[in-house]
1. Specify which of the listed residues (Gly60, Gly73, Gly65, Gly112) is of a type in the set (Gly, Ala, Ser) and in a helix (DSSP H, G or I).
2. Which is of a type in the set (Val, Ile, Thr) and either within 18 Å of Met1 (Cβ to Cβ) or surrounded by fewer than 19 Cβ atoms within 10 Å (Cβ to Cβ) (or both), of Val111, Val89, Val23?
3. Would you pick out the residues in the range 26-52 that are in contact (Cβ under 8 Å) with a residue 12 or more places away in the chain, of a type in the set (A, V, I, L, M, F, W, C) and surrounded by 15 or more Cβ atoms within 10 Å (Cβ to Cβ)?
4. Output the qualifying pairs, or none if there are none: Cβ atoms under 6 angstrom, residues six or more apart or on different chains, first residue in the range 76-101 and part of a strand (DSSP E or B), second residue of a type in the set (S, T, N, Q).
5. Can you report the number of residues in the range 53-78 which are in contact with a Pro (Cβ under 9 Å, 6 or more places away or on another chain) and surrounded by 18 or more Cβ atoms within 10 Å (Cβ to Cβ)?
6. Condition (residue is at positive phi and at pLDDT 95 or above) applied to the range 89-96: is it met by at least one residue?
Amino acid sequence: MVRGVRGATTVAANNREEIFERVAELLKTIVEENAMATEDIGAVIFSSTPDLNAAFPAAGARRLGWLQVPLFGTQEIECPDAPPLCIRVLILWNSDVPQQDVKHIYLHDAVGLRQDLSG
């Protein structure tokens, strides 16, 4: 069975190292909160707002050692209501965990994006 795990974070500036640090923080938190093994991850999709171009968020996952996990990145549309400097993630996770027990993680200025999911 495949489950979708959502998450997002923000950075203070369009800075390569900060993007990598925040992506690592987000992924580590998702993995810990869901007791997830990387070998159970089918794929990961990253998106970032148009104001972020200093680094690919997926490169932050590679730095974590996610070398066998298929990663994909895309850009969000420009939306006036969207938080700036935001990185979102969708992890496709092979798991029998019931959907209602999946823990979605939103950090920093992204905490208000999906309060219905992150509780």
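The values are calculated or read from the model by the stated rules, or taken from the named source; none is laboratory data. Because the structure is predicted, anything quoted here is derived from the model rather than measured. All Cβ positions, even for glycine, are placed from backbone atoms using ideal geometry, and neighbour counts span all protein chains on display.
1. Being of a type in the set (Gly, Ala, Ser) and in a helix (DSSP H, G or I) holds for just one of Gly60, Gly73, Gly65, Gly112, which is Gly60.
2. Val111
3. Once the filter is applied, which keeps residues that are in contact (Cβ under 8 Å) with a residue 12 or more places away in the chain, of a type in the set (A, V, I, L, M, F, W, C) and surrounded by 15 or more Cβ atoms within 10 Å (Cβ to Cβ), the range 26-52 yields Leu26, Leu27, Ile30, Met36, Ile41, Val44, Ile45, Phe46, Leu52.
4. Cβ pairs passing all conditions: Cys86/Thr10; Cys86/Thr49; Ile87/Thr9; Ile87/Ser48; Arg88/Ser47.
5. 1
6. Among the residues of the range 89-96, not one is at positive phi and at pLDDT 95 or above, which makes the answer no.
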